[in-house]
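Just so it is clear, none of the values below were taken in a lab; they were calculated from the coordinates. Every value quoted in this text rests on a predicted model; they were computed, and no experiment measured them. Virtual Cβ from ideal backbone geometry, glycine too; neighbours counted across all protein chains shown.
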Amino acid sequence: MRKIAVFASGSGSNFEAIAAAIENGQLEAEVALVVCDRPGAKVEKRAERYGIPVLSFNPKSYESKADFETFLLQQLNEAGIEWIFLAGYMRLIGPTLLQGFEGRIVNIHPSLLPAFPGKDAIGQAFEAGVKITGVTVHFVDEGMDTGQIIDQDSVRIYEGDTKEDLGRKIQAVEHLLYPAVIRSLLQEKIKR
Ligand code: GRF
């Protein structure tokens, strides 16, 4: 079984979509580790419900990003992790992990990149008044949401939609797109 890690800092609904896809046989993989940089985040409870080990750490207790990434790299290697999937991990990945997992770190972002990178992409799209936004899955590089795009799906914003409506529609699309892209990556149907 291919072992993957999911990195999350918040609610973990995308983690749960991945775990559920595995449980119902749509995705052949094992989430062998959830990495969380905000101890107490909701994703911890979700992982617990699936019996998946969680590595929660506080970045502030390390001197530098290189320090905590060295620790993470060691834990990921010990657990036999092949791929890292970021799902709401609110932190740029540094050179230590990028080198250790070259071409095997992927992120999901709630906009049609390169539009609206960075924080609150849903709010940015909403404020800009665009009629179509969406979801992007991309390889991770040293930049903020700048890596090579793997797949995208669109979401239409209708007259009268609130930001919350848009958030719900984006999440529904994310929960289908991410497990599907992970499946293709693990089956090596997508090459970098
Ligand atoms: C998602 O919208 C994802 O695209 C972004 O962060 C959010 C995480 O949501 N990177 P959740 O924690 O998976 O519910």
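Condition first: farther than 20 Å from VAL106 by Cα and not β-branched (Val, Ile, Thr). Now tell me which residues in region 117-141 satisfy that.
If the condition is that a residue be farther than 20 Å from VAL106 by Cα and not β-branched (Val, Ile, Thr), then GLY123, GLN124, ALA125, PHE126, GLU127, ALA128, GLY129, LYS131 are the ones that fit.
Show me the helices (runs of 4 or more DSSP H) entirely contained within region 56-130 in which 2 or more residues are within 16 Å of the ligand (Cβ to nearest atom), out of contact with any Phe, Trp or Tyr (no Cβ under 6 Å at 6 or more places or on another chain) and free of Cβ contacts under 8 Å to residues at least 60 places away in the same chain.
Working: elements: 65-78, 95-100, 121-128.
Because the criterion is at least 2 residues that are within 16 Å of the ligand (Cβ to nearest atom), out of contact with any Phe, Trp or Tyr (no Cβ under 6 Å at 6 or more places or on another chain) and free of Cβ contacts under 8 Å to residues at least 60 places away in the same chain, the helices (runs of 4 or more DSSP H) in region 56-130 that meet it are 121-128.
Going by the structure shown, is THR136 touching an Asp or Glu at 6+ places or on another chain (Cβ under 9 Å) and in a strand (DSSP E or B)? Before you say what the answer is, go through the steps one by one.
Details: touching an Asp or Glu at 6+ places or on another chain (Cβ under 9 Å): yes; in a strand (DSSP E or B): yes.
So THR136 fits the description; yes.
Being free of Cβ contacts under 8 Å to residues at least 12 places away in the same chain and under 20 Å from VAL181 (Cβ atoms) is the filter here, so list the residues in region 23-49 that pass it.
ASN24, GLY25 - these are the residues of region 23-49 that are free of Cβ contacts under 8 Å to residues at least 12 places away in the same chain and under 20 Å from VAL181 (Cβ atoms).
Filter region 139-192 down to the residues that are outside any helix (DSSP H, G or I) and of a type in the set (Asp, Glu), then identify the one that is nearest to the chain's Cα centre (by Cα). Step through it out loud before you land on a result.
Here is the first cut: in region 139-192, the residues outside any helix (DSSP H, G or I) are 139-162, 187-192.
From what is left, the residues that are of a type in the set (Asp, Glu) are 141-142, 145, 151, 153, 159, 161, 188.
Numbers: ASP141: 14, GLU142: 15, ASP145: 11, ASP151: 14, ASP153: 16, GLU159: 30, ASP161: 26, GLU188: 19 Å.
Per the criteria, the residue is ASP145.
Taking region 47-79 only, how many residues are within 19 Å of the chain's Cα centre (by Cα) and at positive phi?
Count: 0.
Does any residue of region 73-90 turn out to be of a type outside the set (Ser, Thr, Tyr), crowded, with 19+ Cβ neighbours inside 10 Å and over 25 Å from GLN152 (Cα atoms)?
For region 73-90, residues of a type outside the set (Ser, Thr, Tyr), crowded, with 19+ Cβ neighbours inside 10 Å and over 25 Å from GLN152 (Cα atoms): present.
Taking the condition more than 26 Å from ILE22 (Cα to Cα) and of a type outside the set (A, V, I, L, M, F, W, C), does THR146 pass? Walk me through it before giving the result.
Working: more than 26 Å from ILE22 (Cα to Cα): yes; of a type outside the set (A, V, I, L, M, F, W, C): yes.
Yes, satisfied.
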